[in-house]
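Q: Submitted below is the structure of interest, expressed as C-alpha cells.
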Amino acid sequence: MQPTEPVHLATDRPQPDLSRLRIDRDPKPDRPRRRRRSPLVPLAMLLVAGGVVGWLLSTDLLPFRRPAVTVALARATERASGGSAGGGAPVLSATGYVVARVRAAVAPEVTGRLVELKVDVGDRVERGALIGRLADEDLVAREKQAVAEVAAAEAAIAEERAQHEDLMREAARQRELLARGLTSQSQHDAAQTAANVSEARIASANARFETTRASLNVVRAQLEKMRIRAPFNGTVLEKNAELGEIVGPTFGGSSSSGGGVPVVTMADLKSVEVEVDVNETYIRRVAPGMKAEITLDAYPDHTYEGEIRQIVPTADRQRATVQVKVSFTNPDDQVLPEMGARVAFLAAAEPTREGAAPERALQVWVPKEAIRRSNDAMTIYVLRGDRIAELPVEIGPQIGSDVQILSGLGPGERVVLGETKGVEPGKRVRVRED
C-alpha cells in the first residue's frame with residue numbers, strides 16, 4: 001500500500017502544549033505563607049495594657065494601693081462668740097427635754113360612757129370649748145321634767161296672785177261698807193281673812209317655784225358634768241379614749257392611782273420650756289435670769305434664745321443633779337413637748353463703751369463625733385493629704401451636736417468623725433465626705 005498523506009484541515013488552529021500535563025513524581029515541601037502584619041496591632045495592645053494598669057492604679061485592687069479603712073470627714077467651722085441671746089461665751093451646757101408648763105389630762109367630773117368626741121390630735125381649742133360628751137339621756141329627761149315643774153309653779157303663782165287681787169278688792173269693799181254700816185263685822189272679817197290666806201298661798205307658790213327652779217339647776221349642773229370642756233387655750237397632744245369607752249375623773253392627771261380614764265391630754269404650747277439636769281458641782285455657775293441658747297435635737301442647725309426661769313430648790317440624791325428650767329424667749333410652732341434639747345448657759349456680756357458694739361471673738365467648732373480620748377487627753381484626727389494625723393486639743397462647752405475647740409485646731413481643718421476601727425496616725429484612708 002502507498003502511504004497516505006496527512007490530511008490538513010482548512011482551519012489551522014494552534015495545538016495545546018501537553019508537556020505541562022506531566023506528573024511530578026518528586027513533590028517539593030510546602031512553604032508557609034507570610035501574612036502582612038498591620039503596624040497598628042502593637043500600638044493597640046500597648047494602649048490596652050496601659051488602660052488596664054491605669055485602672056488598677058485608680059482603684060484599690062492592688063495591695064499597695066488598698067486603704068486600711070473608709071472614714072467620714074467634716075470641716076471645723078468658725079463662729080462668733082456671744083449668741084443671739086445677748087450673753088457672752090458659753091460657761092456650761094446641759095441636756096434635757098422640752099415640756100409644757102401648762103398641761104392637763106382632761107377628764108369628766110363623773111364616770112360615764114363617751115358618746116361624742118369633737119376634737120382630734122393636733123387640734124387647737126379655746127378655753128370652755130366642748131371636747132366631748134357622756135351619755136346623758138336620763139338627765140335630759142329629768143331636765144325636761146324640771147322645766148315643766150318650773151313652768152307649772154310659775155302658772156300657780158300667777159293664778160294665786162289673780163285670786164289675791166280679787167280678794168283684796170273684796171276686803172276693801174267690806175271695809176267701806178262696814179264704815180257706812182251696810183255690812184256686818186263678821187262679813188268684813190271673813191273677807192279680810194280670805195285676802196290674808198290668798199297672800200300666804202302666793203308665798204307658798206313662790207316657795208314651790210324656787211324649789212322647782214333649784215331642782216332644774218341641779219339637773220342642769222349634773223348635765224353639764226356630762227360635758228367635757230377645755231380648761232384653757234391649748235393644743236390636743238393625745239387622744240386617750242374612743243367613743244363607747246367608759247371614762248371618769250382622774251387623780252393626779254392619770255388613772256394609774258385608781259382614777260378613771262382621761263379623754264384627751266392637752267397643753268399650752270406657748271408655755272413650753274426646757275428642763276435640764278445640771279451636775280450639782282457646777283450649779284453655782286448658773287442663776288435665775290441667766291441667758292441661754294437652746295438647740296433642739298430635731299433642728300440642730302437652729303438656735304433659740306432662752307433664759308433661766310427657775311432653779312428647783314432641791315437636788316436628786318441618786319444622780320447628784322439639780323433641775324434647771326429654761327424658758328424660750330422666741331418659741332415657734334416647731335418646738336414640741338418631749339423633744340430632746342441641749343442648753344448652753346451664757347456668761348454675762350462684757351460691758352463696752354457707750355455706742356460701741358460688743359466684740360465677738362471667733363471660735364472653732366467641730367462635731368462631737370470628732371473628739372477622741374487618748375490617755376486622759378482629748379485629741380482629734382485630721383486628714384493631711386490622704387493620711388491621718390493626730391492633734392491634741394482643748395475642748396470647751398458643747399452646744400447641740402457641736403463642741404467648741406479652745407486650742408489645737410484651726411478652722412477649715414478636715415476632721416475624722418466617729419471611732420472607726422483601724423484608724424490610726426500615719427495610715428492612708430479612703431475618704432467619704434460627710
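The values are calculated or read from the model by the stated rules, or taken from the named source; none is laboratory data. Keep in mind that this is a model prediction, so the values were computed, not measured. Because the Cβ atoms are built from the backbone with ideal geometry, glycine has one as well, and the counts that use them run over all protein chains shown.
Q: Within the range 404-426, track down each residue that is of a type in the set (D, E, K, R) and either surrounded by fewer than 16 Cβ atoms within 10 Å (Cβ to Cβ) or part of a strand (DSSP E or B) (or both).
A: Listed by number, the residues that qualify are Arg414, Glu419, Lys421, Glu424.
Q: Oh, and also: From the list Arg142, Arg127, Arg208, Arg173, which residue is without any contact (Cβ under 8 Å) to a residue 40 or more places away in the chain and basic (Lys, Arg)?
A: Exactly one of Arg142, Arg127, Arg208, Arg173 is without any contact (Cβ under 8 Å) to a residue 40 or more places away in the chain and basic (Lys, Arg), namely Arg173.
For (1) modelled with pLDDT under 85; (2) over 33 Å from the mean Cα position of the chain (by Cα); (3) not hydroxyl-bearing (Ser, Thr, Tyr), each residue gets a yes or a no:
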position: Ala105; (1), (2), (3): no, no, yes
position: Lys118; (1), (2), (3): no, no, yes
position: Arg133; (1), (2), (3): no, no, yes
position: Val150; (1), (2), (3): no, yes, yes
position: Ala158; (1), (2), (3): no, yes, yes
position: Met168; (1), (2), (3): no, yes, yes
position: Gln174; (1), (2), (3): yes, yes, yes
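Q: How many of the residues making up the range 114-142 are loosely packed, with under 13 Cβ neighbours inside 10 Å and not in a helix (DSSP H, G or I)?
A: Looking only at that region, the number is 7.
Q: Among the residues of the range 282-296, what is the count of those that are of a type outside the set (Val, Ile, Thr) and touching a residue at least 60 places away in the same chain (Cβ under 8 Å)?
A: The qualifying residues number 7.
Q: Tell me which of these Pro262 doesn't satisfy, since it passes every other one: (1) part of a strand (DSSP E or B); (2) more than 25 Å from Val403 (Cα to Cα); (3) modelled with pLDDT under 90.
A: (1)
Q: Output the qualifying pairs, or none if there are none: Cβ atoms under 9 angstrom, residues six or more apart or on different chains, first residue in the range 97-112 and more than 16 Å from Val125 (Cβ to Cβ), second residue part of a loop (DSSP other than H, G, I, E, B) and among the charged types (D, E, K, R).
A: Tyr97/Glu338; Val98/Glu338; Val99/Glu338; Arg101/Asp268; Gly112/Asp136
Q: Shifting gears a bit: What do you reckon, is Asp166 out of contact with any Cys (no Cβ under 6 Å at 6 or more places or on another chain), of a type in the set (Asp, Glu), loosely packed, with under 12 Cβ neighbours inside 10 Å and not in a strand (DSSP E or B)?
A: no
Q: Of the residues that sit in the range 261-304 and are within 23 Å of Pro337 (Cβ to Cβ) and of a type in the set (Gly, Ala, Ser), which one is nearest to the chain's Cα centre (by Cα)?
A: So the residue we want is Ala298.
Q: Which of (1) at pLDDT below 75; (2) closer than 29 Å to Val286 by Cα; (3) over 31 Å from the mean Cα position of the chain (by Cα); (4) not small (Gly, Ala, Ser) does Ile399 not meet, given it meets every other one?
A: (3)
Q: I need the full set of residues from the range 381-399 which are free of Cβ contacts under 8 Å to residues at least 24 places away in the same chain, under 20 Å from Val71 (Cβ atoms) and part of a strand (DSSP E or B), in order please.
A: Arg384, Leu391, Pro392
Q: Kindly provide the set of residues from the range 302-353 that are part of a strand (DSSP E or B) and loosely packed, with under 12 Cβ neighbours inside 10 Å, ordered by number.
A: Matches in the range 302-353: Pro313, Thr314.
Q: Of the conditions (1) buried (at least 16 other Cβ atoms within 10 Å of the Cβ); (2) in a helix (DSSP H, G or I), Thr183 clears all except one; give me its number.
A: (2)
Q: Taking the range 102-114 on its own, how many of its residues are touching a strand residue (DSSP E or B) at 6+ places or on another chain (Cβ under 6 Å) and not small (Gly, Ala, Ser)?
A: Total satisfying the criteria: 5.
Every residue, every condition in (1) touching a helix residue (DSSP H, G or I) at 6+ places or on another chain (Cβ under 7 Å); (2) over 30 Å from Trp365 (Cα atoms); (3) modelled with pLDDT under 65, yes or no:
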{"position": "Trp55", "(1), (2), (3)": "no, yes, no"}
{"position": "Phe64", "(1), (2), (3)": "no, yes, yes"}
{"position": "Ala72", "(1), (2), (3)": "no, no, no"}
{"position": "Ala76", "(1), (2), (3)": "no, no, no"}
{"position": "Ala94", "(1), (2), (3)": "no, no, no"}
{"position": "Tyr97", "(1), (2), (3)": "no, no, no"}
{"position": "Val102", "(1), (2), (3)": "yes, yes, no"}
{"position": "Gly112", "(1), (2), (3)": "no, yes, no"}
{"position": "Arg127", "(1), (2), (3)": "no, yes, no"}
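Q: Starting from the range 152-164, take each residue that is touching a residue at least 60 places away in the same chain (Cβ under 8 Å) and list its partners that are among the polar types (S, T, N, Q), counting only C-beta distances under 8 angstrom and pairs at least six apart or across chains.
A: These pairs meet every condition: Ala152/Thr212; Ala153/Thr211; Ala153/Thr212.
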